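Here, each number is a calculation from the coordinates, and none is a lab measurement. If you're wondering where the values come from, they're calculated on a predicted model, not measured in any experiment. As a convention, Cβ positions derive from the backbone with ideal geometry for all residues, glycine included, and neighbour counts pool all protein chains shown.
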Amino acid sequence: MGLVWSIERIAAENLRLRRDADFASLYMPFDSLLFFGDAGNDDLFGLVPHTGRLDVFVWNHGDDSRMWVARGLGDYLEGWLSGRITV
């Protein structure tokens, strides 16, 4: 599990997701999300940059849904560590 990835992993994972032709045929575009962590089950947490919002969303790899989970990184960390956020 990667609660918050390193900057190197953030860059690498986001590039990989956007460039993978198989992903492009299976999932909605990832361009609106900047992924920064994972739940340890292939679901990813991301922010929506360029909107002025600090909200955190989770992308479910099984059904390609994107769901709001926290009002910011602090809320995300607190929620995940306390068990309030589960996926």
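List of remarks:
- For HIS61, the residues whose modelled amide H falls within less than 5 Å of its own, excluding neighbours fewer than 5 places apart on the same chain, are ASP43, LEU44.
- Candidates ASP22, ASP75, ASP43: whichever shows maximal mean-square fluctuation once the chain is modelled as a Gaussian network with Cα springs under 10 Å: ASP22
- For the chain, the 222 nm mean residue ellipticity estimated from helices alone, with every DSSP H stretch of n ≥ 4 adding -39500 (n - 2.57) and the total spread over all residues, rounds to -9500 deg cm²/dmol.
- Estimated vicinal HN-Hα couplings, Hz - the stretch 5-21 in sequence order (Karplus 6.51, -1.76, 1.60; Gly, Pro = x): 6, 5, 4, 5, 6, 4, 5, 5, 5, 5, 5, 4, 5, 7, 9, 6, 5
- In degrees, nearest ten, helix 73-82 long axis to first principal axis of the chain (Cα): 70
- Once backbone amide H atoms are built at 1.01 Å from N, VAL69 has VAL56, PHE57, VAL58 as its partners under 5 Å, excluding neighbours fewer than 5 places away on the same chain.
- Sorted fewest first by neighbouring Cβ atoms within 10 angstrom, MET67, MET28 come out as MET67, MET28.
- For ASP38, the amide hydrogen comes within under 5 Å of the amide hydrogens of GLY2, LEU3, PHE45, counting only partners 5 or more places away or on other chains and with H modelled in the peptide plane.
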